[in-house]
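Participant: Let me give you the structure first, and then I'll get to my questions.
What follows draws every value from the coordinates through simple rules; no lab data is involved. Not measured: the values here are computed from a predicted model. No Cβ is skipped: glycine too gets one built from the backbone with ideal geometry, and neighbour counts run over all protein chains shown.
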Amino acid sequence: MLILKLAFRNLLRNTRRTALTCLLLTSALVIMILMDGMMVGVSRLMVDSLTDTLEGEAQIYHQGFRERFDPSLYLDNTVPLREVLALDQDVRAFSERVMTPAMLASSYATQGVMIYGIDHEQEKAVSRIREAQVEGSPITKGSDLLLGDSLAEKLEVGLGDRIVLTTSSVEGNELVQRLFRVSGVLNFGPSELDDRLAFIDLEAAREMLMIGDGTHQFVIRFENRDRANEADLPLYDRVRNDQTAAEGWLKLQPSIGGMLEMTGFGRLILGLVLFLLAALGVVNSIFMSIYERLYEFAVTKAIGTRPWWIGRLIVLESLLMALASVAIGVLIAYFVGDYLEREGLGLGQMEVGGVVIPERIRPVMLINQFLEASWFLIGLTLLTALYPALYAAKITPAEAIKRSL
């Protein structure tokens, strides 16, 4: 108890210096927790935007299809795949797609696009096509067509207008034309989607391509999204063969995985920089405190106090400052983080690697962020205090008295 009382007394001896040191540590802790929450929030937004748009959480497709998007590379034996997906307990929903490059022609313009043949009821369970629709109605019959708002502007069409779709069939490679009417307008966000994609009924697409019951993609959503990237997932083992590939979203979009790794690396660098700056402030504060008490330490050692006791006193003072900073910093970070989770931080809409980041970014505050940052701050403060503590413990009474006079 004596050493604790002395530590408190020494900290309160110069309240301004103690308060400024605690302010430095508290600021570093709050910034680290909030920035970590913001980066986690951005990472989740990127993954959500990717998996909820069109990629899905996993895909089953013909080997080589994603490299060339060749319509002739389709899965023709789809009944067993449907049965496997329907019975798998990890799968929450799946949707079939037929894809082909095509030409859309209105009365005013012509535009090359990628056509997606979809079952609207299946599709809305695996992508946000329903949320992206800003006008009109979903696909309900074979002549309905959905397209992006910027594509509609280029073609100068609106709801109910007629569009001629031209593509080539897989069997025979013959040109096929069909008349559609614009039933709805979409806005996904990324320009490459709203400029280049159009959606028609799945059976209408199969009929135009003459592929029978064939499918180019099975898009999957899992009960637990993390399972999508498990290389040894039993579902993948059951469907993979020489012709069929199955991959999770991280393999489908490795660039996003690289960006997530860079985000994690950035969090580490930011934390180290902030806490190292705080550590320098702590060292400076402790040494100033030691120099002010040189005479006291000299007298204390002269009457027989052991060096380790003096060193322990310095470390205890640093620990008390760290604990006070953590208590205040955690409270501030909690209330600020709670506010930002509800209101968001307005940075303007951004597009990163084809992934749209909303205008308001909301951090994701997790308990481990508070715990890890707090323990790291306490540990670093104690580590920083070791050198000043050793310096104080090695003080020679005679030299110290000379320097203090």
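Participant: Within the chain, what's the longest stretch lacking trypsin sites (Lys or Arg not before Pro) that sit in DSSP loops with no more than 12 other Cβ atoms inside 10 Å?
Facilitator: 142-393
Participant: Within the stretch 253-292, find all residues whose amide N lies under 14 Å from a label point positioned 7 Å from the Cα of Glu192 along Cα-to-beta-carbon.
Facilitator: Zone members listed by number: 253-257.
Participant: Per residue of the stretch 318-323, in order, report the coupling 6.51 cos²θ - 1.76 cosθ + 1.60 (Karplus, θ = phi - 60°) as ³J(HN,Hα) in whole Hz, putting x for Gly and Pro.
Facilitator: Coupling constants for the stretch 318-323: 5, 5, 5, 5, 5, 5 Hz.
Participant: Which listed residue (Leu151, Met210, Gly56) has the Cα farthest towards the positive end of the charge dipole for the stretch 56-252, taking +1 on Lys and Arg C-beta and -1 on Asp and Glu C-beta about the Cα centre?
Facilitator: Leu151
Participant: Provide the per-residue ³J(HN,Hα) series for the stretch 79-93, in order, calculated from phi with Karplus coefficients 6.51, -1.76, 1.60 and θ = phi - 60°, each as a whole number of Hz, with x at glycine and proline positions.
Facilitator: Rounded to whole hertz, the list is 4, x, 5, 4, 5, 4, 5, 5, 9, 6, 6, 7, 8, 8, 7.
Participant: Something else now. Cβ under 9 Å from Glu131's Cβ, Glu131 left aside: what net charge do those residues give with Lys, Arg +1 and Asp, Glu -1?
Facilitator: Value of the local net charge: +2.
Participant: May I pose another question? Could you count how many Lys pairs in the chain have their Cα atoms under 21 Å apart, skipping same-chain pairs fewer than 8 positions apart?
Facilitator: 5
Participant: Please work out the FRET efficiency for the pair Thr166 and Leu20, using the Cβ-Cβ distance as r and a Förster radius of 41 Å; give the result to the nearest 0.05.
Facilitator: Between Thr166 and Leu20 the formula returns 0.05.
Participant: Just the number, please: percent antiparallel of the DSSP beta bridges in the chain, rounded to the nearest 5.
Facilitator: Roughly 80 percent of the beta bridges in the chain run antiparallel, per DSSP.
Participant: With unit charges on the beta carbons (Lys and Arg positive, Asp and Glu negative) and the dipole taken about the Cα centre of the chain, which residue among Val273, Leu34, Ser255 sits farthest to the positive side?
Facilitator: Val273
Participant: Modelled label-to-label distance, Tyr391 and Glu153, 7 Å Cα→beta-carbon offset: nm?
Facilitator: Modelled inter-label distance: 6.3 nm.
Participant: What is the packing order of peptides 373-386, 20-33, taking the mean over residues of other C-beta atoms within 10 Å and listing the highest first?
Facilitator: So the order, starting with the most tightly packed, is 20-33, 373-386.
Participant: Oh, and also: Where nothing but the Cβ of Lys and Arg (+1) and of Asp and Glu (-1) is charged, how large is the charge dipole of the stretch 56-252 around its Cα centre, in debye to the nearest 20?
Facilitator: 200 debye
Participant: Which one of Gly112, Ala389, Ile310 has its Cα pushed farthest toward the positive end of the charge dipole of the chain, where Lys and Arg give +1 and Asp and Glu give -1 at the Cβ?
Facilitator: Result: Ile310.
Participant: What shape does the stretch 56-252 take by its C-alpha gyration tensor, where a ≥ b ≥ c are the square roots of the eigenvalues and a/c under 1.5 counts as rounded, a/b above b/c as prolate, and the rest as oblate?
Facilitator: Prolate, because a/c is 1.5 or more and a/b exceeds b/c.
Participant: In debye, nearest 20: dipole of the chain around its Cα centre with unit charges on the Cβ of K, R (+) and D, E (-)?
Facilitator: The calculation lands at about 3420 debye.
Participant: Please report, in Å, the Rg and the Dmax of the chain, where both are computed over Cα atoms only.
Facilitator: Considering the chain through its Cα atoms, Rg and Dmax are 31.9, 104 Å.
Participant: If each DSSP helix of 4+ residues adds -39,500 (n - 2.57) and the sum is divided by the residues in the chain, what number results at 222 nm, nearest 500 deg cm²/dmol?
Facilitator: Helix contribution divided over all residues of the chain: -17500 deg cm²/dmol.
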